[in-house]
Amino acid sequence: MPIPLNEEIAASAALSMVLEASSYPKPGNVHRLSDFEDTSFEHFLASALSAQSVFLKSAAVSEKEETFSFGPLFQEAVFKSRSAQSGGNTHFGTLILLLPLAAAAGSILKERKNENLKKKRREKITQKASEICKTTTAKDAILFYETFSTLSIPVQKTEKKQKDHDFDLKSAAAVDKIKSENISLFELMIMGAGRDMVAAEWVNGFDKSRRFARKLWKNKARFEAHPEKCFGSVINSAVVYTFLEAMAAYPDTFIAAKSDEQTALKVQKKAMKILKKSKSKNLKKIMPDIQKLDKKLRKKKLNPGSLADITAAGIFIGLAEGLKI
């Protein structure tokens, strides 16, 4: 008996969050063998499972021919996450990415019987998600601000001379300005894209998430062909290696927000240095270096959380394309 499409998508979205959290070790982030001081691996699992019912609603929007309303779904998902566990914020950025991607998958995969679509799922899903994000309204922006205010999330500082400083997530007057000027959530993401890579995904068509999915497929195939290069299972090896590649490619904006841009760049360079040691993509060979970096980042409380969000989004896109674990 076939699984209804919206249920399949919701399960994939929750699974992507679980796989991101459980993959070991992604330097600086929570994983199955390391917790943060106040947030544990189990908190991330509980949060992921609690969001599945909201992903179900998001994926079913196209079936019901409804307009995607990001704000209410996002607020519901964050509140359910908070009620399901006591570890505080776990998936704020991940939900920003996965909700429109789930809605896009629901719309695009209705045509999954079309064989030509299978080769272009990644591009079509991310393109549709980008279109969905552009339909967000001022109401969505207000609900986003209200939800953010309930969490303790660092925000990278902006110069007062910047035009968007009045819309900073720490600005108490922002909601009034959004109402008076009818600023949509997508417009706010444009303003924040230069300093937040999750916001930039909305603006740039989920580019980094799409790239992650493409590399994940390739890395999974390599580890399947060379199990001697794995650390743990094939999917664990593929996620960890792809995450390390992302760390080497982009300075994490969550680290920049908690510390500064120079610190984020230093972490990026450390990941690049580790990758250079393994031209043959042998994860087992560079594992001591990865574990050493993991310990250093934890000691300094530097976690590449924005890259973790993109990792979950990339895994979801892969699963929507047909990737099997």
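The values are calculated or read from the model by the stated rules, or taken from the named source; none is laboratory data. Since this is a predicted model, take the numbers as computed values, not measurements. Neighbour counts are summed over all protein chains in view; Cβ atoms, including those assigned to glycine, are modelled from backbone coordinates with ideal geometry.
Scanning the stretch 256-269 for residues that are touching a residue at least 24 places away in the same chain (Cβ under 8 Å) and in contact with a helix residue (DSSP H, G or I) (Cβ under 7 Å, 6 or more places away or on another chain), we see that the one that is farthest from Lys229 (Cα to Cα) is Ala256.
Inside the stretch 208-231, residues that are within 26 Å of Asp252 (Cα to Cα), in contact (Cβ under 8 Å) with a residue 12 or more places away in the chain and of a type outside the set (A, V, I, L, M, F, W, C) make up a count of 8.
Say we look at the stretch 19-78 and pick out the residues that are of a type in the set (S, T, N, Q) and part of a helix (DSSP H, G or I); which of these is nearest to Ile96 (Cα to Cα)? So, considering only residues that are of a type in the set (S, T, N, Q) and part of a helix (DSSP H, G or I), the one nearest to Ile96 (Cα to Cα) is Gln75. Against the conditions (1) more than 17 Å from Asn29 (Cβ to Cβ); (2) under 19 Å from the mean Cα position of the chain (by Cα); (3) at pLDDT below 95, Ala257 satisfies every one except (1). On the stretch given as the stretch 25-41, residues that are touching a Lys or Arg at 6+ places or on another chain (Cβ under 7 Å) and either buried (at least 23 other Cβ atoms within 10 Å of the Cβ) or modelled with pLDDT of 95 or more (or both) total 1. For the stretch 256-304, filtered to residues that are closer than 26 Å to Leu95 by Cα and touching an Asp or Glu at 6+ places or on another chain (Cβ under 7 Å), the residue that is surrounded by the fewest Cβ atoms within 10 Å (Cβ to Cβ) is Ala264. Restricting the stretch 305-325 to residues that are closer than 14 Å to Ile235 by Cβ and not small (Gly, Ala, Ser), the residue that is surrounded by the fewest Cβ atoms within 10 Å (Cβ to Cβ) is Lys324. Of all residues in the stretch 59-79, none that is surrounded by fewer than 14 Cβ atoms within 10 Å (Cβ to Cβ) has its Cβ atom under 7 Å from the Cβ atom of a residue that is of a type in the set (D, E, K, R) and at pLDDT 90 or above, 6 or more apart or on another chain.
Looking only at the stretch 198-207, count every residue that is surrounded by fewer than 24 Cβ atoms within 10 Å (Cβ to Cβ) and in a helix (DSSP H, G or I) and tell me the total.
At the first step, the residues of the stretch 198-207 found to be surrounded by fewer than 24 Cβ atoms within 10 Å (Cβ to Cβ) are 199-200, 203-205, 207.
Going one step further and asking which of them are in a helix (DSSP H, G or I), we end up with 199-200, 203, 207.
Residues meeting the conditions: 4.
Here the condition is being assigned to a helix (DSSP H, G or I), modelled with pLDDT of 95 or more and over 28 Å from Ile9 (Cα atoms); of Lys215, Lys220, Lys270, it holds for Lys270 alone. Once the stretch 244-254 is narrowed to residues that are free of Cβ contacts under 8 Å to residues at least 60 places away in the same chain and either charged (D, E, K, R) or part of a helix (DSSP H, G or I) (or both), the residue that is surrounded by the most Cβ atoms within 10 Å (Cβ to Cβ) is Asp252. Mind checking which residues of the stretch 276-298 are part of a loop (DSSP other than H, G, I, E, B) and either in contact with a His (Cβ under 9 Å, 6 or more places away or on another chain) or in contact (Cβ under 8 Å) with a residue 24 or more places away in the chain (or both)? Ser280, Lys281, Asn282 - these are the residues of the stretch 276-298 that are part of a loop (DSSP other than H, G, I, E, B) and either in contact with a His (Cβ under 9 Å, 6 or more places away or on another chain) or in contact (Cβ under 8 Å) with a residue 24 or more places away in the chain (or both). Applying the set (1) over 18 Å from Pro304 (Cβ atoms); (2) under 15 Å from the mean Cα position of the chain (by Cα); (3) modelled with pLDDT under 95 to Phe44 leaves exactly one unmet item: (1).
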